[in-house]
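What follows is a single structure, written as structure tokens, with notes after it.
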Amino acid sequence: MARNIPSSNNTTAKNKKNTKVKKKKNPVIKAFKIFFITLLCAIIIGSVAGLGIVLAMIKTAPTLDVNGTILNLDQPSVLYDDKTQVMDTVVTAQKRTVVNLDSIPPNLSHAFISIEDERFYTHNGIDIKRIIGAMFINVKNKILRENGGIQGASTITQELIKQRMFLTDSLENRISWKRKIQEAYLATELEKVLTKDQILQAYMNTIYLGGQANGVQAAADQYFSKDVKDLNLIQCAFIAGLPQSPSAYYPFSTYAQKNPSVYINRTKTVLQRMHVNNYISDSDYSQALSDLDNGKLGFDPGKTNSRYTYQWFSSSVVDQVRSDLKAQYNYTDEQINNLLSDGGLKIYTTMDRNLEDSAQKIIDSDSSYGGMGSIKNSKGVLEPQAAATIVDYRTGEVKALIGGRGTQPMGSFNRAYGSSFKNAEAVGSSIKPLTVYAPAIENKIITSGTIVDDNLLPASIANKYRGSDGGPYQPSNDDFQYHGPTTIQDAITRSVNVVAVKVEDKLGVTTGAAYAQKFGLTLSPADTTSTSIAAMALGQLTTGNTPTTMAAAYGTFGNSGLYIPPRLYTKVVDKNGNNILESSASPRKVISPQTAYIMYNLLKGPVSPNGTGPSANFGNMPVAGKTGTSSDKKNLWFCGLTPYYSGAVWIGNDLQTPMGNDYYSNTSAKVWGLIMQEANKSLPVTDLQMPSGITTINNQLFIDGTEPTDTLNNNTQTPNNDVNTPVPNNQNTTTNATGNTNTTNATGNTNATNATGNTNTTNRNTNATNTTGNTNATNRNTNATNTTGNTNTTGNTVSTQQGTQQGTTTSNNK
């Protein structure tokens, strides 16, 4: 049988099939190709994206204003009065005097170039070689964890751009990549329009060089008391070494004085770079090093006599602008100093120049105080000192601010402005309207007709609080006498301390403290405790309050109960005309319009002939206000208002010694009246308009619903050792034997008229003798019998209390 032999055709087909089989690729090579392609794509995409981001950053860079920003170095900030007339130029700690390059010694220019930018004359604004070198050093330090610090690569041109265009940015923005890229771009643009010498001159007039010095001329004066052209080689090298760390190399600091090697070694480094760059010869280099080692730098600090024309107002405005810039923009102190000293700001203040001038003359004149004369204390300052502030209380604008008497050195303590005036920490009885009477009327605890017994505090009140010896608290009045039943109106007129304490006790000390803060007063934690009744009722505060604080607080009574914080400027405009700060009235409600007007009316009492401050009056203009005297007459106050302005005057000795018997609170009232007469002299005589919601009875004002029902005898509250709550309509009060107030409904009872013609409201119950044996409810008049047959035992009652005084007596306040 024949075998099956494969045909040649089949063999050929098989071979062809075998030749078509592909070899498998190496997976490692395949992965590498994928990675390489992916990486290349990522680099291309990243580069395109990065280029787009860079271009976007460049596109959003600020406009390069060469003449207005880069070269315009001498742009001090200016203060304007309320008529937009120039009143002062801002005085800052930073000084600058612009000089031309030909007045700067070559050694100083060469020193800056050698240490800051040795390829300055060859690059186009950025130094690529330096950038690469800095990156290498920074990476090496990071990998090796070396402590070499971050190396910078900015050129002199970039530094100039940063100083003139980006210094007022926040620190975070200033060191961001966006800002660095914009700096680099603008540096290259600047090099296209300015010569190298113009850039160098602008840089050396701009750079901060420690202390108060901006620019090389200010540095030459600050460190060596000489003109920049007279600097020697080592002095040039010293100044050029400062920009890296002005505070670290500041030779007058305590640390540098103990360790002069800090700035000596830095100066040697500058000299070494000058030598390497062939700016000084071998012999000059050696001699300079020798001079340094032998202490020949020759420091001689310069002095400045800069001061404001309107010392008190201008310095206060600048302080407020500084604070607002820091709060709104988070600027550093250095940024604010640069902006104020060289930013060309226009600060529009609220100052009335004429009033400021006249107020200063009044404060300075001995005749304003009764002609008692002045002396100088151990520090060469006039005594007594005085301070005053006048405010337009409808806008919060401070119109005059006087911080002291006589010529005083620049930077002297401003007694009229701030929140920590130690000399004025005790405002005395001038606090009573703010923390006692206005809150109590607002909360319907009292009315102007409420009667309070001016007598010793009962034990129930005295034991709540402690005197200075730890015994029960017993305040005394200015005349060391008690006057029995006293209306609130009379208590305010005569500044009765005991009545104020009793009302404050009824109101609550913490409530009084809360109102003090609403009125803008500064309190310490000790002033706000529930036992600090002397602080809240009598003004014996432990923290500072100034005439500015008190003037704004009293303005609330004329502004329908709205408090507006005092403001010293309306707006701040930068050199490009942009409003960078605006200050507007920000009213907040403290009390109702009715309470405010009633307090305004009550405060006319202290300036009446029977009051404590009649000298505050002038002409026919209505005046309302309150005196204040702290312990031992160390502080004398008058705070008050007219229908146009509110104001406060403080008189005292800086060393906190007593004022003596020649000075009283009426003295401060006199000074206040003289200043207010100037403020109101061209204004028509008018008065505040009474708002609706107030009832007038026998020349006394009541918030509707608190007025007495008996219109023939509106003092329905009988006197007591406590404060009697105002009686609503159809209710009467009697006083029980323990001093507590009982309210009973008299509806349906018929009132009978006593022998004096006054109507007594009849009570169904008769109060008896109290348990201590003191007789309560003695009737001075003949009581009549009402139609129901009940006997009236209340009548015009005088509460009496027997026994001896306990505890200590607080210092008098009036």
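The values are calculated or read from the model by the stated rules, or taken from the named source; none is laboratory data. All of these numbers come straight from a predicted model, not from anything done at the bench. Because the Cβ atoms are built from the backbone with ideal geometry, glycine has one as well, and the counts that use them run over all protein chains shown.
Figures for the structure shown
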item	result
Residues satisfying the stated conditions in the range 528-543, i.e. within 26 Å of the chain's Cα centre (by Cα), part of a loop (DSSP other than H, G, I, E, B) and closer than 15 Å to Lys464 by Cα	Thr529, Ser532
Subset of the range 584-605 (residues that are within 14 Å of Thr695 (Cβ to Cβ) and aliphatic (A, V, I, L, M))	Ile598
Members of the range 55-106 found to be among the charged types (D, E, K, R) and either more than 15 Å from Thr206 (Cβ to Cβ) or at pLDDT 85 or above (or both), listed by number	Lys59, Asp81, Asp82, Lys83, Asp88, Asp102
Subset of the range 186-206 [surrounded by fewer than 21 Cβ atoms within 10 Å (Cβ to Cβ), touching a residue at least 40 places away in the same chain (Cβ under 8 Å) and of a type outside the set (A, V, I, L, M, F, W, C)]	Thr188, Glu189, Glu191, Lys196, Asp197, Gln198
Sole residue being crowded, with 24+ Cβ neighbours inside 10 Å and not β-branched (Val, Ile, Thr), chosen from Pro593, Pro566	Pro566
Cross-chain or 6+ apart pairs with Cβ under 6 Å, the range 307-318 first and in a loop (DSSP other than H, G, I, E, B), then among the polar types (S, T, N, Q) and buried (at least 23 other Cβ atoms within 10 Å of the Cβ)	Tyr308/Ser314
Gln158 of a type in the set (S, T, N, Q), at pLDDT below 85 and over 18 Å from Cys236 (Cβ atoms)	no
Those residues of the range 479-519 which are assigned to a loop (DSSP other than H, G, I, E, B) and buried (at least 18 other Cβ atoms within 10 Å of the Cβ), in sequence order	Ser495, Val496, Phe519
Residue that is farthest from the chain's Cα centre (by Cα) [pool: residues in the range 648-665 that are of a type outside the set (A, V, I, L, M, F, W, C) and surrounded by 24 or more Cβ atoms within 10 Å (Cβ to Cβ)]	Ser665
Any chance Asn338 is out of contact with any Pro (no Cβ under 9 Å at 6 or more places or on another chain), polar (S, T, N, Q), farther than 18 Å from Lys571 by Cα and part of a loop (DSSP other than H, G, I, E, B)	no
Count of the range 598-638 residues which are surrounded by 19 or more Cβ atoms within 10 Å (Cβ to Cβ), over 28 Å from the mean Cα position of the chain (by Cα) and of a type in the set (Gly, Ala, Ser)	5
Residue that is surrounded by the fewest Cβ atoms within 10 Å (Cβ to Cβ), among those in the range 222-243 that are of a type in the set (S, T, N, Q) and over 34 Å from the mean Cα position of the chain (by Cα)	Ser225
Count - residues of the range 666-704 that are surrounded by fewer than 16 Cβ atoms within 10 Å (Cβ to Cβ), at pLDDT below 95 and among the hydroxyl-bearing types (Ser, Thr, Tyr)	1
Selection within the range 207-221 - crowded, with 24+ Cβ neighbours inside 10 Å and part of a helix (DSSP H, G or I)	Val216, Ala218, Ala219, Ala220
Cβ pairs under 8 Å, 6+ apart, first in the range 494-517 and among the small types (Gly, Ala, Ser), second surrounded by fewer than 22 Cβ atoms within 10 Å (Cβ to Cβ)	Ser495/Asp478; Gly508/Ser530; Ala513/Leu523; Ala513/Thr528; Ala516/Leu523
Residue in the range 241-261 that is in a helix (DSSP H, G or I), touching a residue at least 40 places away in the same chain (Cβ under 8 Å), among the hydrophobic types (A, V, I, L, M, F, W, C) and in contact with a Phe, Trp or Tyr (Cβ under 9 Å, 6 or more places away or on another chain) present	no
Residue within the range 356-379 that is modelled with pLDDT of 95 or more, out of contact with any helix residue (DSSP H, G or I) (no Cβ under 8 Å at 6 or more places or on another chain) and among the acidic types (Asp, Glu) present	yes
Flag for Ala552 being in contact (Cβ under 8 Å) with a residue 60 or more places away in the chain, surrounded by fewer than 24 Cβ atoms within 10 Å (Cβ to Cβ), farther than 15 Å from Glu442 by Cβ and small (Gly, Ala, Ser)	no
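Okay, residues lined up against (1) modelled with pLDDT under 90; (2) of a type in the set (Ser, Thr, Tyr); (3) under 23 Å from Asp333 (Cα atoms):
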| residue | (1), (2), (3) |
| --- | --- |
| Arg164 | yes, no, yes |
| Ile175 | yes, no, yes |
| Leu186 | no, no, no |
| Leu194 | no, no, no |
| Asp197 | no, no, no |
| Gly215 | no, no, yes |
| Ala218 | no, no, yes |
| Asn232 | no, no, no |
| Cys236 | no, no, no |
